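Let me begin by presenting the structure, written as structure tokens, before commenting on it.
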Amino acid sequence: MSNPELKFIGKIVSSKKDSSNMPLQGANAQVVIFDEYTDALDGLDKYSHVWIVSWLHKADRDRLKVVPKRVSADSPPRGVFSLRSPIRPNPLGLTASKLIKREGNTLHLDHVDFLDGTPVVDVKPYSVGWDSIFSAWNNSTYETYIKMPIADVFADMLRQAANFHGDACVGVAIGTRAANLAMRHFKCDMQTKSLTVSASVRGCTADAIQGLLQAGNKRFIRVDPYEGKIVFTKDGAKLTLVITNDKFHSVVEVMDAPDDKVFTSIEED
Ligand SMILES: [Zn+2]
């Protein structure tokens, strides 16, 4: 075996200096690549997203089981290989970010959950074909979400919907709210096979619902013309939502509104 010596190739520059003010979804930040590695950046501009591998220099390396950070403290501990926790034998951090722009050796990125000054070990292009597995599933998101503050759940779901659509627009935010309401109503994971959707909505909202339910054609049907109606069905039970005619001007406005401001009619049967 060759000597497993790591060379730091850059560092994180972020307004987030300690973990107590790091949002769950990370923050916009920069990776500054050291001058001697400039040539290695050649060609990276052709990619919209990149993987950043970092060395989490402050992390505890001695524990093999920890309580997941995003759920409540009364959850049972889990093995670190089943978590994204920084605590692990080799504290490598891995995050996929949008390459907003490159200025020389500085990469401007979104959703970076590494603190200011964190050493960077590697940068790799994010490959759509290899790295995005739309049908992948996680340990119950519903069970995790019910233990989280609702604002964190919204942010988490909005990110998934935006990843599918391309960005977070007002239509995506409305679709996110619809999927969230369905999840709370049926008390189930959005990937549940028996949960199906028929929606006469605009493209952005349709993308959000499809992305969040990870629903292919058999579970998701988009109906024309536009009526603003979303019908969720599960095991014979139905939830019908009608999107309000009110105009929302921003994603934040949609995410902050109560359910009955986003949907004029909420019918259950
Ligand atoms: Zn859109």
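The values are calculated or read from the model by the stated rules, or taken from the named source; none is laboratory data. Note that the structure is predicted; figures quoted are calculated from it, not measured. All Cβ positions, even for glycine, are placed from backbone atoms using ideal geometry, and neighbour counts span all protein chains on display.
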Worksheet entry | From the options Trp51, Trp55, residue that is touching a helix residue (DSSP H, G or I) at 6+ places or on another chain (Cβ under 9 Å) and within 19 Å of Gly117 (Cα to Cα) | Trp51
Response to the item:
Exactly one of Asp39, Asp62 is surrounded by fewer than 12 Cβ atoms within 10 Å (Cβ to Cβ) and either assigned by TED's automatic domain parsing to the domain that holds Asp122 or at pLDDT below 90 (or both), and that residue is Asp39
Response to the item:
(1) small (Gly, Ala, Ser); (2) crowded, with 17+ Cβ neighbours inside 10 Å; (3) touching a residue at least 60 places away in the same chain (Cβ under 8 Å) all hold for Ser85 apart from (3)
Item to complete: Sort through Asp167, Asp224, Asp246 and tell me the only one that's within 16 Å of the ligand (Cβ to nearest atom), surrounded by fewer than 17 Cβ atoms within 10 Å (Cβ to Cβ), at pLDDT below 95 and not assigned by TED's automatic domain parsing to the domain that holds Ile100.
Response: Asp167
Worksheet item: Would you say Ala178 is under 16 Å from the mean Cα position of the chain (by Cα) and either in a loop (DSSP other than H, G, I, E, B) or crowded, with 17+ Cβ neighbours inside 10 Å (or both)?
Response: no
Worksheet item: Restricting the first residue to the range 158-176 and requiring it to be of a type in the set (D, E, K, R), which pairs with a second residue that is more than 9 Å from the ligand (Cβ to nearest atom) and modelled with pLDDT under 95 meet a Cβ separation below 6 Å and a spacing of at least six or different chains?
Response: Arg159/Gln25
Worksheet item: Could we say that Phe154 is away from the ligand (no atom under 14 Å from the Cβ), under 17 Å from Val251 (Cβ atoms), aromatic (Phe, Trp, Tyr) and not in a loop (DSSP other than H, G, I, E, B) here?
Response: yes
Item to complete: Examine the range 182-196 for a residue that is within 16 Å of the ligand (Cβ to nearest atom) and touching a residue at least 12 places away in the same chain (Cβ under 8 Å), and state whether such a residue exists.
Response: no
